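Student: First the structure, which I've put down as structure tokens, then a few questions once you've had a look.
The values are calculated or read from the model by the stated rules, or taken from the named source; none is laboratory data. The structure presented is a predicted model; accordingly, all values stated were derived computationally and were not measured. Here the Cβ positions follow ideal geometry from the backbone for every residue, glycine too, while neighbour counts run over all protein chains shown. Accessible surface is based on the protein model in full, side chains and every heavy atom, while ligands, DNA and RNA are left aside. Shrake-Rupley method; radii C 1.70, N 1.55, O 1.52, S 1.80 Å.
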Amino acid sequence: MKPTSAGHTPVKFGHVATRVNDAKKMSKFYCDVLGFRESDWIAERFSFLRCGSDHHTINFARHPKEGLLHIAFELRDRGAVFDACQYLTENKIPLVFGPTRHVVGHNIAAYHRNPDNIRVEFFAELDKMRDEELGYFEPRPWHEEFPIRPKVWPEGTDRVQWGFGNTGDFPGYMEPVPLASERAA
């Protein structure tokens, strides 16, 4: 993105999501050794951990082939995410998912691939834990319950509140994608 494109430049690096053989083991390490806190789980296969007020800073998804799932950058607001989608389209960089609103974390998100074929998420409106002692995320109109606290979401929880991307209609998301250097070989 051009630094001069208002709203297209990320506000910050948001999070990284990785595929691991044992999401519980990795989550325990990050919590016990590095002081992260659990925000949410989807069943026992996908964890969302935080080290600040953002709902998640790192995700661990159980998968037989370990590797990078995606990296994510926060944009100014939902309008900036939609503008970035338009910018990507105009520059022939196809979206691979979104724009949508995720159920877990409740962020607006859109995904594309960088030149190395790595999934990159642009997001806004991620849930925030403003006060650890209160133990709930800042209330937002789109939350399913009030207050919303860290929990284990059941297997089969929809990935998104709107748009496509729920069970079965986003094939290959968890599958490893070869890097450009691997594709050329």
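Student: Hey, can you tell me all the residues within segment 114-152 that are under 30 Å from I93 (Cβ atoms), surrounded by fewer than 17 Cβ atoms within 10 Å (Cβ to Cβ) and not acidic (D, E)?
Tutor: Within segment 114-152, N114, P115, N117, I118, K128, R140, W142 meet the criteria.
Student: Follow-up question, since we're still on this one. Restricting attention to segment 153-162, which residues are open to solvent by 70 Å² or more (accessible area, probe 1.4 Å), out of contact with any Gly (no Cβ under 6 Å at 6 or more places or on another chain) and under 22 Å from E44 (Cβ atoms)?
Tutor: Matches in segment 153-162: P154, E155, D158.
Student: With respect to G98, is the statement that it is surrounded by 21 or more Cβ atoms within 10 Å (Cβ to Cβ), over 14 Å from G14 (Cβ atoms) and not hydrophobic (A, V, I, L, M, F, W, C) true?
Tutor: Considered against the rule, which asks whether it is surrounded by 21 or more Cβ atoms within 10 Å (Cβ to Cβ), over 14 Å from G14 (Cβ atoms) and not hydrophobic (A, V, I, L, M, F, W, C), G98 comes out as yes.
Student: Please go through segment 23-73 and pick out each residue that is in contact with a helix residue (DSSP H, G or I) (Cβ under 6 Å, 6 or more places away or on another chain), assigned to a strand (DSSP E or B) and either open to solvent by 30 Å² or more (accessible area, probe 1.4 Å) or among the polar types (S, T, N, Q) (or both).
Tutor: Across segment 23-73, the qualifying residues are S47, R62.
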